[in-house]
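Chemist: First, the structure itself, so that you have it in front of you.
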Amino acid sequence: MAARHADVVGLSGARTDDAGRLRLTTEAEAASRIARLNGLLGERAGTVEINTVIQALLPTGTGRPEGLTPRVTWNEDAPEDHISVLVGSPAAMADRLRELRERLGIGYVTVIDHNLEAMAPVIALLRS
């Protein structure tokens, strides 16, 4: 349905596993989903906005991000592999968002409430 009509398609950045936990999506998984989407879009590929949800910000690059519920699972040894986790300084996070746009076509993001204040410096860098 989205491939035929939508101007924007959102990726949740996670999927539910058999135990009911949310498993964060890796960049490789997102690339596969976006390739499938683009195949379904046909001539519309490249014209439809792709959105994802930023589930967590991890300024230190390690540990469990504040506000990430225990039912969310991910590879804590490689947080940078996940499209919905931004790692490092605001500049590194802004660079990551630019990379996701360039490589996957993710043109904008939704930020969960508890990350809004921490995301402000990243947004300022993206605007400059």
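Chemist: Roll a 1.4 angstrom probe over the protein heavy atoms and tell me the percent of accessible area of the chain that is carbon or sulfur.
Modeler: The value for the chain is 52 percent carbon and sulfur by accessible area.
Chemist: If contacts are Cα pairs under 8 angstrom and at least 6 residues apart, what is the relative contact order of the range 1-108 in percent? Mind showing how you got there, number by number?
Modeler: On the way: 151 pairs, mean separation 33.8, N = 108.
Relative CO of the range 1-108 lands at 31 percent.
Chemist: Kirkwood hydrodynamic radius, computed over distinct alpha-carbon pairs, for the range 41-112: how many Å, to one decimal?
Modeler: 13.2
Chemist: Please check: in the Gaussian network model of the chain (C-alpha springs, under 10 Å), which one of Ser84, Ser12, Ser32 has the largest mean-square fluctuation.
Modeler: So, out of Ser84, Ser12, Ser32, the one fluctuating most is Ser32.
Chemist: Over the Cα atoms of the chain, compute the convex hull volume and normalise it per residue, giving Å³.
Modeler: 114
The values are calculated or read from the model by the stated rules, or taken from the named source; none is laboratory data. The structure presented is a predicted model; accordingly, all values stated were derived computationally and were not measured. Just the protein is used for accessible areas: all its heavy atoms, side chains included, with ligands, DNA and RNA removed. Shrake-Rupley method; radii C 1.70, N 1.55, O 1.52, S 1.80 Å.
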